[in-house]
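Colleague: Dumping the structure here so I can ask a few things about it.
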Amino acid sequence: MLLSPHRLGQGFGIAEGIINNVRKTIIRDQLTDPRFYAEMSKLLGDLIQQNRADANAYEAFLKKAEELVKRMAKKDTVTGVPIVLHGKPEAIVLYNNLPDILAGGVSMLREESPQELEKRAALALQLEQAMREHAPAGWKGDDIREKQVLNALFPIMSRDRQATLAIFEIIKNQPGY
């Protein structure tokens with residue numbers, strides 16, 4: 001079905017609204033799960049780059065934009081995540097972001113072995129347990145209590161100061177801690 005020029009113009013306005021809302025959500029929530037929102041940001045960028053001149057391509061663009069919005073709303077966090085982490089959203093966020101943190105902030109795009117995935121899941125669970133057991137109430141924003149949290153995380157992160165600070169920033173932005 002071809003869109004009339006008037007209807008096509010309305011569609012562009014709708015698409016711009018969708019893009020702006022998705023962009024605002026990505027910016028607002030990116031600290032809660034940097035890796036997920038970096039992926040969403042890339043997908044949004046790819047959608048924006050599509051050629052909108054052709055009405056059929058534009059309709060496909062709108063469908064893909066809708067899929068992106070649904071995926072962000074649903075935030076399917078359990079796909080590709082070990083079963084031991086299911087039901088633990090904060091641990092899943094840690095699990096998803098550990099490869100980049102352990103690689104020193106460089107995005108790891110290589111395939112991990114089952115043993116590496118298992119080890120990463122165990123590390124995420126250790127971090128989760130440390131937060132549940134050692135994080136004092138009202139720790140966020142309190143320098144002394146934040147240092148207690150950092151001290152609990154430091155040995156788990158193999159005494160790597162940079163990795164500890166990076167995982168701490170992700171933990172600090174999780175509503176569940």
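Colleague: Using the 10 angstrom Cβ neighbour count as an exposure proxy, how do 41, 113 rank, fewest first?
Modeller: Details: 41 15, 113 8.
Taking fewest neighbouring Cβ atoms as first place, the list is 113, 41.
Colleague: Sticking with this one: Report D for segment 83-172 in µm² per second (integer): Stokes-Einstein, Kirkwood Rh on Cα pairs, 20 °C, 1.002 mPa s. Could you put the intermediate results ahead of the total?
Modeller: Values: Rh = 13.5 Å.
The Stokes-Einstein estimate is 159 µm²/s.
Colleague: How far apart, in nm, are two points set 7 Å out from the Cα along the Cα-to-Cβ line at residue 113 and at residue 169?
Modeller: 3.1
Colleague: Output the pairs from 42/74; 24/64; 63/88 with a Cα-Cα distance over 28 Å in this structure; if there are none, say none. Before the final figure, lay out the partial values.
Modeller: Details: 42/74 18 Å; 24/64 18 Å; 63/88 31 Å.
Where the Cα-Cα span goes over 28 Å, the pairs concerned are 63/88.
Colleague: Cut-off is 10 Å between beta-carbons; in what order do 40, 72 appear when sorted fewest neighbours first? Walk me through the intermediate numbers first.
Modeller: On the way: 40 22, 72 19.
Placing the least packed residue first, the sequence is 72, 40.
Colleague: For 79, 164, 25, what ranking results if the residue with the fewest other Cβ atoms within 10 Å of its Cβ goes first? Present the calculation step by step, with values, prior to reporting the outcome.
Modeller: On the way: 79 5, 164 21, 25 16.
Ranking 79, 164, 25 by Cβ neighbours within 10 Å, fewest first, gives 79, 25, 164.
Colleague: Going through segment 85-177, which GluC sites (Glu not before Pro) have at most 11 other Cβ atoms within 10 Å and a DSSP loop state? Could you put the intermediate results ahead of the total?
Modeller: Details: sites: 90, 111, 112, 116, 118, 128, 133, 146, 169; in loops: 111, 112.
Answer by residue number: 111.
FYI, it's all coordinate maths here, none of it is from the lab. The shown structure was predicted, so the numbers you read here are calculated from the model rather than taken from an experiment. No Cβ is skipped: glycine too gets one built from the backbone with ideal geometry, and neighbour counts run over all protein chains shown.
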